[in-house]
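First comes the structure, then the notes that go with it.
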Amino acid sequence: MTRKIRPKSKDKYGLAIGIVGIAALLAYPYSGLGNDFTIGVVLTTMAYIILGSSWNLFCGYSGYISFGHVAFFGVGAYTSGLLMVEEGLGFLPAVVAGGILAAAVALPLAAVTIRLEGVSFAIILLVFAEFLRQITRTAKDTTGGANGLSLPPVSLELLYMSMIGLLIVTMGTTYLVTRSKVGFALQAIRDDESAARSIGVNTRWTKITVFVLSGFFTGLAGALIAPYWTFLTPSIGFSVQTSAEMMIMAMLGGLGTIFGPIIGAIVVSPVSNELSAQYPYISGILFGLLLVFIVYVAPEGVLRIFQERSITRYISGRYNAIRNGSDKSQSEEERDMRGD
Amino acid sequence: MVDIGSLAQVLIGGLLSGSIWALVALGLNLIYGVMRIINIAHGELLMLGGFGIYALWTAYGVHPVLGMVLLIPLFFILGLTIQYSLIKRLLERDFRIGNTEMMSLIMTFGLVLILQNVARLIWSTRPKVVDAPPLSDVLRLSGTYITYSQLLAICTAVFCMVLLYLLMTRTEFGRAMRATVQNKRMAEVNGINTQRIYLITFGISATLASIAGVMVSVTQPITPFVGFDFVIMGFLIIVVGGLGRFTSAVIVAFVLGMIGSISLFAWGTAVREILVLLIMGVALYVYPEGVLSESRV
């Protein structure tokens, strides 16, 4: 009997950690350890985890890097925001509508860009996100333009619990997709797209489906976190730095892993929020440096540590990468030398 | 009916946007064609060129035209430096995950964040205007007018494009560059020093960016974000025209420039963005390799 989902043996650890994590998140607000401010930090971190994971869902596993994922974030945020403000829709239905519209935007985008190769794809998504930002800015009558959109307040408790719900759904879906046929097809595309196609993988359908899913979750996250910020402008909703942050989280943690973006988000989110509030320019420079750093030092992310046998080996491997331009780990170098 | 004056204005606007975009697209294509690297930071070089002129003008009273000439060697050297310090390392790296093109995209993206925010720190986000007397004057033609800065911008752009064309087709260096574009290994086998070609190409690209920046700064107010805006259009143009296809890029640039100008005149800014987006979508779906696929380098 062929199973639809093929878990890996290490998944049970991940599941355990996940369950503990969710339980901790659920208990946190009631434990008296936090105040509104720290709960907000945790809330934003959860949103970032979702953003990083949904970016990673498509980009990490398919090898197609998207530079414009903030487009879906903005669509989700603006849609739900406008629905709440203009139509008086309730919070949860508005969020769902935001996600659906983001997915609806992702679908034709995927269809159009499906035939593009990696580099063109990345660029065009960046162009698309920027265009959405411009359109949102110039259509002032609908969206409030650069003056922004004021969102109705939503109770912190509702936001927090919905975010946990979204987190569970997103991570669950990521897990199911990556351990299913679609996930393997996606990774086959990453390894060698024409080879995948030649063995019968339906690359178009796979890419479109996962891309739309990724856009859906990104949009939901945007719709959920916007009311916490209570104010939305095109620069916030479609900020190119958010795309950069999604990329940084997934790459720092490790592309194509489930826990990678989580670690990345835990690192990036507090920095991003605290720093951007005080010194927005410094945070931009920092993230830029981080991107450059990731490319030269650790393109595979921090989770690579677990592949090496010790941390010192990981560090020397990274040093090796910068000096000699080779991405082989110490162990691999040794194996190569020995002629294995 | 529309009068000849407005028609001329639309034409001038289209030519202006088209020529600046063409210059940007050419700079991007040069680097992609020769090195297979995507330089998102090209826009920031443009922005720095524009702000360089602004700084020279406001601090030292250096006229933009003179400033442009002064900036040329400066940016050439800057390009060499970037290529030598950053890009070269990227090219020599043997990536396990992803490939060099993607990594160049990500790295230059990081560079954009750095440069843009440094500029914001130095110059703040308020628009700056370069208002140099002979340039802001207006030339009146029958029924319409054009500012000298616009005229200068269009002429300089065309001049640079012609120069670039001559460089690539009539000089030894140009031949070596084209050889590297076509097949790097074969070029090396034939004794071409590809390292030198890379360095010089990046220098030329940076210089083109700075010239475009000068043109932008004299024809419109500039902010630290202006580079990014132009590089986005530049990317649109090179992807639609076909990565590495030079003549294609120039044609697409002018076409988009005219379309943008016409739709701006007829329907306003929001429609222009949507229209360009739609055209881009259709063009990419039908020609994922780029339109005008018969174009030569």
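Figures for the structure shown
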read-out	value
Options B:110, B:33, B:43: the member that is among the small types (Gly, Ala, Ser), without any contact (Cβ under 8 Å) to a residue 60 or more places away in the chain, out of contact with any Cys (no Cβ under 7 Å at 6 or more places or on another chain) and within 14 Å of chain A (Cβ to nearest Cβ)	B:110
Test result for residue A:258, at pLDDT 90 or above, surrounded by fewer than 24 Cβ atoms within 10 Å (Cβ to Cβ) and more than 8 Å from chain B (Cβ to nearest Cβ)	no
Residues of the range B:113-158 that turn out to be facing chain A (nearest Cβ under 10 Å), more than 27 Å from residue A:123 (Cα to Cα) and surrounded by 20 or more Cβ atoms within 10 Å (Cβ to Cβ), as a count	0
Residue count, the range A:309-331 (criterion: closer than 20 Å to residue A:252 by Cβ and at pLDDT below 65)	2
Any hit, the range B:88-104, residues being more than 9 Å from every other protein chain (Cβ to nearest Cβ), under 20 Å from residue B:227 (Cβ atoms) and polar (S, T, N, Q)	no
Only listed residue being touching a residue at least 60 places away in the same chain (Cβ under 8 Å), assigned to a helix (DSSP H, G or I) and closer than 30 Å to residue A:245 by Cβ, chosen from B:119, B:157	B:119
Residue in the range A:267-288 that is modelled with pLDDT of 75 or more, part of a loop (DSSP other than H, G, I, E, B), surrounded by fewer than 22 Cβ atoms within 10 Å (Cβ to Cβ) and within 13 Å of chain B (Cβ to nearest Cβ) present	yes
Flag for residue A:302 being more than 8 Å from chain B (Cβ to nearest Cβ), modelled with pLDDT of 70 or more, within 15 Å of residue A:247 (Cα to Cα) and surrounded by fewer than 19 Cβ atoms within 10 Å (Cβ to Cβ)	yes
Complete set of residues in the range A:132-161 that are part of a helix (DSSP H, G or I), under 17 Å from residue A:232 (Cα atoms) and in contact with a Leu (Cβ under 9 Å, 6 or more places away or on another chain)	A:132, A:135, A:142, A:143, A:159
All helices (runs of 4 or more DSSP H) inside the range B:165-243 with 2 or more residues being free of Cβ contacts under 8 Å to residues at least 24 places away in the same chain and either more than 21 Å from residue B:70 (Cα to Cα) or out of contact with any Ser or Thr (no Cβ under 6 Å at 6 or more places or on another chain) (or both)	B:172-182, B:184-189, B:194-219
Where a residue in the range A:285-304 is under 14 Å from residue A:261 (Cα atoms) and its partner, wherever it lies, is outside any helix (DSSP H, G or I) and of a type in the set (Val, Ile, Thr), with Cβ under 6 Å and at least six apart	A:299/B:97; A:300/B:97; A:303/A:257
Failed item, numbered, when residue B:219 is tested on (1) buried (at least 20 other Cβ atoms within 10 Å of the Cβ); (2) closer than 25 Å to residue B:36 by Cα	(2)
Tally of residues being over 16 Å from residue A:243 (Cα atoms) and in a helix (DSSP H, G or I) across the range A:105-118	9
Hey, residue A:177 buried (at least 19 other Cβ atoms within 10 Å of the Cβ), without any contact (Cβ under 8 Å) to a residue 24 or more places away in the chain and in a helix (DSSP H, G or I) or not	no
Failed condition for residue A:235, given (1) modelled with pLDDT of 90 or more; (2) surrounded by fewer than 19 Cβ atoms within 10 Å (Cβ to Cβ)	(1)
Residue within the range A:123-131 that is touching a residue at least 60 places away in the same chain (Cβ under 8 Å), within 14 Å of another protein chain (Cβ to nearest Cβ), under 27 Å from residue B:112 (Cα atoms) and not aliphatic (A, V, I, L, M) present	yes
Residue within the range A:194-203 that is surrounded by fewer than 19 Cβ atoms within 10 Å (Cβ to Cβ) and either under 16 Å from the mean Cα position of the chain (by Cα) or in contact (Cβ under 8 Å) with a residue 24 or more places away in the chain (or both) present	no
Residue B:31 among the β-branched types (Val, Ile, Thr), in a helix (DSSP H, G or I), more than 13 Å from residue B:235 (Cα to Cα) and in contact with a helix residue (DSSP H, G or I) (Cβ under 6 Å, 6 or more places away or on another chain)	no
Subset tally (residues that are touching a Gly at 6+ places or on another chain (Cβ under 7 Å), closer than 15 Å to residue A:213 by Cβ and free of Cβ contacts under 8 Å to residues at least 24 places away in the same chain) for the range A:72-115	0
Number of positions in the range B:46-72 that are on the phi < 0 side of the Ramachandran plot, without any contact (Cβ under 8 Å) to a residue 60 or more places away in the chain and either in a loop (DSSP other than H, G, I, E, B) or within 18 Å of the chain's Cα centre (by Cα) (or both)	2
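The values are calculated or read from the model by the stated rules, or taken from the named source; none is laboratory data. Model, not experiment: these values are computed from the prediction. Don't worry about glycine lacking a Cβ; one is built from the backbone with ideal geometry, like all the others, and counts go over all protein chains shown.
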